[in-house]
1. So Leu292 fits all but one of (1) modelled with pLDDT of 90 or more; (2) open to solvent by 40 Å² or more (accessible area, probe 1.4 Å); what number is the exception?
2. Among (1) surrounded by 12 or more Cβ atoms within 10 Å (Cβ to Cβ); (2) modelled with pLDDT under 90; (3) closer than 30 Å to Ala356 by Cβ, which single condition is Lys228 missing?
3. I need every pair where a residue in the stretch 192-210 that is at negative phi and assigned to a helix (DSSP H, G or I) has its Cβ under 7 Å from the Cβ of a residue that is basic (Lys, Arg) and buried (at least 16 other Cβ atoms within 10 Å of the Cβ), sequence separation at least 6 or different chains.
4. What pairs can you find where one residue is in the stretch 215-229 and within 17 Å of Thr323 (Cβ to Cβ), the other is among the hydroxyl-bearing types (Ser, Thr, Tyr), and their Cβ atoms are less than 7 Å apart, with a gap of 6+ or different chains?
5. Specify which of the listed residues (Tyr304, Tyr325, Tyr351) is of a type in the set (Phe, Trp, Tyr), farther than 30 Å from Asp143 by Cα and at pLDDT below 85.
6. Any idea which residue in the stretch 172-193 is most open to solvent (accessible area, probe 1.4 Å), counting only those that are of a type in the set (A, V, I, L, M), in contact with a helix residue (DSSP H, G or I) (Cβ under 6 Å, 6 or more places away or on another chain) and within 20 Å of Arg158 (Cα to Cα)?
7. Run Arg154 past the list (1) farther than 12 Å from Leu361 by Cβ; (2) within 38 Å of the chain's Cα centre (by Cα); (3) among the basic types (Lys, Arg) and report the number of the one that doesn't hold.
8. When you check Asp273 against the structure, is it modelled with pLDDT under 80 and assigned to a loop (DSSP other than H, G, I, E, B), yes or no?
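The values are calculated or read from the model by the stated rules, or taken from the named source; none is laboratory data. These numbers were taken from a predicted model, which means no experiment stands behind them. Every residue, glycine among them, receives a Cβ derived from its backbone with ideal geometry; neighbour counts consider all protein chains shown. Just the protein is used for accessible areas: all its heavy atoms, side chains included, with ligands, DNA and RNA removed. Shrake-Rupley method; radii C 1.70, N 1.55, O 1.52, S 1.80 Å.
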Amino acid sequence: MTDKKQEQQDDKLVADTTPASSSAESNHEDTTQTGQSGNTQAEQAAKEKQPSSGKGLATVAIVLAVVLTGGLYWHGHQQGENQAAQLAAMESRLAEQQATISSLKSQQSSALNEIERAQSSVTEQVEGLSRKVLDLDTKRPNDWMLAEAEYLVRMAGRKLWLEQDTVSAAMMLANADERLAAVNDPTLVPIRKALADDIASIKSVKKVDREGLVIKLNSINDQVDKLKLAGIIMARAEEPDLTLSESVDDWQENLKKSWASFSENFVTVRRRDGNVEALLSPQQHWYLSENLKGKLLQAQLAVYREQQEIYDSALAQSEQWLTDYFADDSVRQFMLEQIGQLKGQQISVDYPEQFAAQERLQQLLDDRLQRLLTGL
């Protein structure tokens, strides 16, 4: 289309240029004819040269028109080719984008299908679990009673082994047996028998009045500040016999006695036999009292921890210090009597290592739950 328009423009330009040259020649000839009569031979020569110069101008104009036409044609052709190349590139780019969009749509569609399948699978699983839970709630309500019994047995074990509370442990086991009795299932008879054995083993455990022992030790500890240190106990001096003998033969002995009786008013010397211990300083007295309190507190802690050896050792050491360093008065006598009563107490107890019913209950619950989940 562009090439044809360019050719039509070139033909029109050539047509417009040619008539202009012809009219110029005609006008020139008319002028020459008008003044022909008065012209000389020189004017005739000039008249002959004018047509040749007009033809040259026409030729030049034609050449310029052709060149211009060719340039315009070539320029239009190049622009057409460039536009065609750009159009092809844009069409190629558009095709690539359309292919990419199609690929993304396909991937999204695949992902949505997978999500829908996963959602439907999860929905089916949830519905299946809901049906099983409903079956568990309606068809087998006794399983909840079994779960309560198993929980009570576990709590009884914690009370016994962590807190040494035999009374609470026995009560919890009895409550668990009541739950099993309410189920009214003959298959639970072995478990109930095991529970009865566990209750009997707990009740046969020796009871230790730990609170009473600790209270007595605490009352002894409160009396420590009232104790008095023992003073220096001197051995009794021997009194000399200054009685004079009536026998003459004892004159020498009588002389010594007389001299001793005379010198007693100036210097008195008495002989004392025995070990004399030095008095404690106030700082040592304070340390001794605090150490005695510490031993009594150690005995209290041993009662709660059931440490028999530490308990006996602490009481023995306290008794020894009371006897050696403190005065014999009513306070010390009371403390020694109380310690003597506490020394014979047995604080360690042997508890059953485990309950026979706990493992059986757990196994029973696991079996029933497995059967429910598998749809049996």
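1. Single failed check for Leu292: (2).
2. (3) is the only condition that Lys228 fails.
3. Ala194/Arg360
4. Qualifying pairs under 7 Å: Val224/Ser289; Leu229/Tyr325.
5. Tyr351
6. So, considering only residues that are of a type in the set (A, V, I, L, M), in contact with a helix residue (DSSP H, G or I) (Cβ under 6 Å, 6 or more places away or on another chain) and within 20 Å of Arg158 (Cα to Cα), the one most open to solvent (accessible area, probe 1.4 Å) is Met172.
7. Of (1) farther than 12 Å from Leu361 by Cβ; (2) within 38 Å of the chain's Cα centre (by Cα); (3) among the basic types (Lys, Arg), only one is false for Arg154: (1).
8. Yes; evaluated as a whole, the condition is true for this residue.
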